[in-house]
Structure formats: structure tokens, C-alpha cells
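Step one of this worksheet: look at the structure below.
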Amino acid sequence: RKCVEYLAQPTEAQEKELKPALVCSLFPNVPPTIYFSTRDEAVEKLPWEQRKLLRWKMCTVTPNIVKQTISRSHFRVSKKNNDWLGCWGHHMKSSGFKAIKEHQKLNHFPGSFEIGRKDRLWRNLLKMQARCGKKEFNFFPQSFILPQDIKLLRKAWEEGASSQKWIVKPPASARGIGIQVIHKWSQLPKKRPLLVQRYLNKPYLIGGRKFDLRIYVYVTCYDPLRVYLFKDGLVRFASCKYSSSMKSLSNKFMHLTNYSVNKKNTEYKPNSDETACQGHKWALKALWSYLTQKGVNSKAIWEKIKDIVIKTIIASEPYVNSLVKMYVRRPYCCHELFGFDIMLDENLKPWILEVNISPSLHSNSPLDVSIKGQMIRDLLNLAGFVLPSTDSVASGPQTRTSTTCSMGSALKEEPKPTSEHFMAEKMKKAYYLTQKIPDQDFYSSVLDILTPDDVRILVETEDEYSRRGQFERVFPTHISMRYLPFFEQPRYFNILVTQWEIKYYLNKHQGLELLKNWCVKGYHTGAGTDLAQMWSLPKSFFPQKSSIQWNSFSKLELGRL
């Protein structure tokens, strides 16, 4: 069976290049993933026994850009409820995730509405401000949730200047529906739930117009947390020139940047060229070029955007992880694309306006097709869809397992770890999570001896990174240690992958060769593990650093951890 060793960038040739149907893992004894192509490529057909497993569950909200991408990899529409591999559909109640089988992937996590709803986003960022300081979490305009915060809003309103403006938003709407800008208390709707937010009165303008950025953020896993940003995106302009005059507040074409609003303006100008700075919609890369020509450090803005995206995702992390453990069979089953709406103020500081858990993938122009098409293709490759065994597709309901990644059981059942393996792994995790004031020297020792779970997570993380296409991984990286204190609860695997990045980011080859050697021995499945070496870790490596020994943990403490 042919596999591709890496994902090539889209070819400029007119003739379609034939690509193998599967992407080889970087590591031996790890199954390949299904390849999704660009419009310039053709994908070879697998033998019928494998090809008949390529089923996709269609929903009324499945975007055409997704349908086109999966069809190029020879997926067919599933006519049953249980034989599909992938689905791009509605968010659903957390309990509904129990129905997803181990070999299936849905494009949502339970609990992601904790940042996807405007009111929950503000509440969670407010909690982060209280716990970590306003300096680190000062990138979301002050907001009030009505009717609960009506007294607090009244106080802030009275303390503000007479010229202050507020923007009123329904907490769970999209596409600019129900949004209005007000400056009088009497204009405030009183009888429905609302988010009332300080209006960013001094936005950065281009050609006299407001604009916002649609940033595509992709999360493949929450434990360990893995976050990617697509390097391109959309810049959406208001179709009327901006004025701070109170008389203009009712003009939605001036104050709102939503495409669904501004396309209704007769003066709206489309843009079909992703390299051009024209019309009322640009490519993000075109904006960076424009700002660079104006002498602006666009790379610094991008770094700030990455920072606030990571912090916002972390704000949702405790809720999502809790619900994933309760309702999802295995982490492989979920992934999610978020659409972050970000505005730059006059000082080029980025502010998060809202987060969309179902960002629009409608492609109304060649610009949309180019950016969203490439993004979805790269996203599906990153997702790492694996061909299941025929038995797993045909089987009935499965029980939830404790497996931590997608590799082994997709093509063959992993050997179950012995109780000794399980206890050794649990004790190592407990050891690294119970230090009150851990430092870098202590955390770096997490790589000294790796458990099978460690190797599986690192192999999955490196394999995924190799399929990133035009996505940029922003967590974990070699600077992710600064974000670990923001997590409400420390996660062992976040420590592990961050330390791996610190150690090997300048020498990827060395780290990959180390993992390959372990995979040759089957170490990622629990085979070939030296239990004596694992059990001796505290005595061998930390005799001076800590009085805590793995063997000192009671079963009660391990259960709590």
C-alpha cells in the first residue's frame, strides 16, 4: 500500500497530480492516516475492502467546502447511523457525545460553548482575570450580562463620560443579528438576555473604515492541549467610513463588520484577489503586507494574537476536559474549528470580540474558496482520520476506554496494560502533579524515563505536527511553560509535551529518532517496558530534590489524582 511521507504544498501545475490515499506515520508500527487533497490533486483509490469504509455523515449544516474536500478522497455519504468515520455538523448536548463510536470524529467538543457563547466567554475571562491578574487577561472589552448585572452596568454607566458608547449583543446569536450600538440608558432593551459591552471607540482604520479579523483556530485535543492557527484568514471591512458621531450609531454598515450585514449595502465591493488590498474583504496575508509597507510590525501583532488565543482556549479547558472524560469514549472522537473575531484599536492592540464554534465556511467568492478550501483540507489532514477495522465499524455500542490517543486501536486492538504498568504510570503522573513549587529543573526530568503512555502522546503529537500544512501550532511550543500557571488544574501531559518541545525544538531529528526506536520495540503499546526502571524513577533521579516517593502514595491519593 503506497503512502506519502509528507504533505506537499499545492502544486501550481494545471494537470492534477496523483496522490496516494494514505499518509504514512513518521514512526514504525503506527497506522497511516487518510489523505485529503487540494483541488489541484487527485487521490488514488484504495482497494474496495478499505474504500467501502470511507463513509461520511452529512448534516444540513455540512458546508459545501467540506463536501468537496472529502469527495476528492472518495468518501461516500453514510446511509446508516453508525458506519460513518467523520461528521461536520451541529453542536449537541454533552450527553449526546456518548453515541460517538471510538473510530468516529465529530467537529465539536462538549463544553466548547463556554467560549462560544458571548456571555460565557466574558464570565470565563473574568474568572481568569481574578485568578491570574488583569494584566494577562485584558483583551476583551468590559461587559455586563443582563439581567443579572443590571446594577453593575448602571453604576459603570453613571461613572462614564456622557459621550460613552455601548454595544448590545444577544448572547448566542451570529451574523450580526440583534446587535446595536447605543449611548442612552433608555435605548437599552430590558426584557431579554443580553451582553452589553463597552464599544471600542477608537479602532484602527484603513481607508477611513473599521475592520475586524477572522482568525481560524483549530484544537485537536484538550489533554494534552494542542492548538493551531491557520496562517491566513479574512479581513472584513465595514462598507461605510467610520464616524464617532452619536448621530451615526444606527448605521450598521459603519459600525458592524459582519459580511452578512455589509453585503446588503449597495456600496459593498467584493474582492476576488487574495493578494489585493481592495474591496471590503481581504485575505489576512494581504493585510500583513499592507501594514508592513506602512512601517507596522505585523509579526508583533501576530504574536499578540497567538497569545490571546491561547489564553482564551485555556479559559474553556477545565469545562471541556471534564465533559470529555464524562461523555466521550476517547479523545480521538473530537476536534473543533473556532472562528475568533479580533479587532485592532488605534494602538494596534488586538481585542477579542467573540468566538464562533461554527464559523461560516460558505464560499461566496474566489477569495473565500482559496482561503477556506486550503484551510479545510489542511484541517482534515491534521485531524488524522484512521481507517478502522471492519469489525469495529460493524460492531454495536462500545464501552468507553481509557486510551489516550488514536494510534493503536484504529487498525488493531492495543494490548491492555498490566496493572503494574497502570500503577507505575499513575504514580509518575502523581509525582509530577503534586509538587507545590515546581521549577524548570524539576519539570525537565519528566523526560528522563518515559512510560508507554508518554511515548504514545509524544508520537501522536509529532505525527500530527508533520501533517500541519499551513497551520501553525501555537501550543505546545518551546515557550509554553509561561502558560502552564494559567491552567486551573495542572495536566501531566501538558508538562510532558512542553518539556519535549523545550528539549528538542532546535533538534527535531534527534527527538524523532528517539521515538522511532521506541516504536520499533512496540513501546508505545506497552510492550518491552522495563517496569523495574520505571518503579525506580524517584530513587534514581530525584534523591535530593524531593522527599516524595511514588511508593508513598496511597491508593486513595492515587484515586483522587
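None of the figures in this text is laboratory data; all of them are computed from the coordinates on show. None of the values given here were measured: they were computed from a predicted structure. Here Cβ is always computed from backbone atoms with ideal geometry, including for glycine, and neighbour counts include all displayed protein chains.
Can you tell me how region 423-529 classifies by the Cα gyration tensor, rounded, prolate or oblate, using a/c under 1.5 as the rounded cut? Oblate, since a/c reaches 1.5 and b/c is not below a/b. Under a model in which nothing but the beta-carbon of Lys, Arg (+1) and Asp, Glu (-1) is charged, region 423-529 shows a dipole of about 80 debye around its Cα centre.
Here the Karplus curve 6.51 cos²θ - 1.76 cosθ + 1.60, taken at θ = phi - 60°, turns the phi angles of region 306-321 into couplings of 4, 4, 6, 5, 4, 5, 5, 4, 4, 4, 8, 4, x, 5, 5, 4 Hz, with x standing for Gly and Pro. Using amide H atoms built in the peptide plane, which far-off residues or other-chain residues are under 5 Å from residue 165 H to H? For residue 165, the qualifying residues are 199.
Grab the other residues whose beta carbon is less than 13 angstrom from that of residue 278, score K and R as +1, D and E as -1, and report the net. Its environment carries a net charge of +1. Restricting the trypsin sites (Lys or Arg not before Pro) of region 176-265 to loop positions (DSSP other than H, G, I, E, B) with no more than 15 neighbouring Cβ atoms within 10 Å leaves 184, 190, 191, 241, 263, 264. Whole-Hz Karplus values for region 367-378 come out as 5, 4, 4, 4, 6, 6, x, 5, 5, 5, 4, 5 Hz, taken residue by residue from phi with 6.51 cos²θ - 1.76 cosθ + 1.60 and θ = phi - 60°; glycine and proline positions read x.
Region 92-122 and region 32-71 have Cα centres spaced 23 Å apart.
Taking GluC sites (Glu not before Pro) across region 243-334, the ones in a DSSP loop with at most 16 further Cβ atoms lying within 10 angstrom of their Cβ are 267.
Restricting region 131-163 to trypsin sites (Lys or Arg not before Pro) that sit in a DSSP loop and have at most 10 other Cβ atoms within 10 Å of their own Cβ leaves 134, 135. Amide H contacts under 5 Å for residue 43: 19, restricted to partners 5 or more places along the chain or on a different chain, H placed in the peptide plane at 1.01 Å from N. Each residue, residue 158 and residue 506, gets one label point 7 Å from its Cα in the Cβ direction; the gap between the two is 6.0 nm.
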